[in-house]
Each structure stands twice: as C-alpha cells, then as structure tokens.
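One structure below.
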Amino acid sequence: MVCGMLTAGSASAQPAAGGGQAPPAPRNLKILQPQDVGPAMRSFTAALGVQCNYCHVIDGATRDMASDDKQAKKTARVMLQMVSHVNEMLATGVGKPAAEVSKVQCATCHRGKAIPETPPPPPAPAPPAAQQAPR
C-alpha cells in the first residue's frame with residue numbers, strides 16, 4: 001500500500017505559521033479522510049520503503065498528487081480497503097472488541113518492500129527411517 005491517497009492541489013495554499021506556505025489541501029481523496037493523509041503517507045513510506053513518486057506523478061516541476069495515472073496508487077486504494085476488511089473480520093471472528101485485537105497494517109506483509117516477498121515453503125519432512133526386520 002503506498003502513498004496512495006495523498007492528492008494535493010495547488011490552488012489554495014495559505015500562509016503557515018512562521019511565514020512559509022501551508023501544504024495544499026488534499027484533493028481526489030477516495031479512501032482516506034483529509035486529517036489522515038499525512039500520517040498515512042508517512043506510514044506507507046516506512047512500510048513499503050518507497051517515496052512519494054512511487055504512487056504520485058512527480059516529474060521535475062510537476063507534482064500532480066491528485067492524478068490517478070499510476071497503477072501503484074490504484075493498487076494502494078484496493079489494499080487499504082483490503083486491510084480495513086481484514087481488520088473488521090478479524091475482530092468479528094475472534095469475538096473481541098476491535099480495540100483489543102492486533103491490527104493488520106501495510107508493514108505486516110510488506111516489511112519495507114514495495115512488493116511483499118513470499119517466503120519459500122518449508123522443506124518437506126524427512127521420510128521415516130527404513131525399519132529393519134527383526135533378526
């Protein structure tokens with residue numbers, strides 16, 4: 001899951017405290033709430049080991065965070081829905097309140113890799129030792 005939902009526009013930047021420009025308001029949000037964008041993007045960066053341009057159109061002076069042109073951003077939205085569904089089902093399945101159940105998150109599978117690695121299967125069990133006939 002990735003920097004999938006940060007979609008900033010450039011039209012309404014307001015001066016920030018300290019005289020700098022505040023980041024533009026997010027646009028084209030389909031899964032995240034505006035207040036969740038910053039923390040989610042930092043989480044994706046850590047969990048997948050990627051930067052913003054993995055999902056967002058950033059090329060030279062172009063920073064089109066709202067664009068849906070990259071497949072990784074589309075995949076991130078699907079993965080966010082999947083994680084939400086898994087966490088809902090997990091809480092229901094174990095019969096505990098959601099607050100008492102460990103949550104699945106991007107890092108659960110990605111572990112710092114953009115594409116999760118699938119571990120090799122365990123080795124086959126050794127065949128039973130041949131039994132010798134009694135003497």
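Of note:
- Loop sites in region 55-135: GluC sites (Glu not before Pro), DSSP, at most 15 other Cβ within 10 Å: Glu117
- Set of lysines near Lys30 by C-alpha distance (under 28 Å), chain-local residues within fewer than 8 positions excluded: Lys70, Lys73, Lys74, Lys103, Lys113
Just so you know, all these numbers are worked out from the coordinates, no wet-lab data involved. For clarity, every value in this text was computed on a predicted model and none was experimentally measured. Quick reminder, even Gly has a Cβ in these numbers, built from the backbone with ideal geometry, and neighbours come from all protein chains shown.
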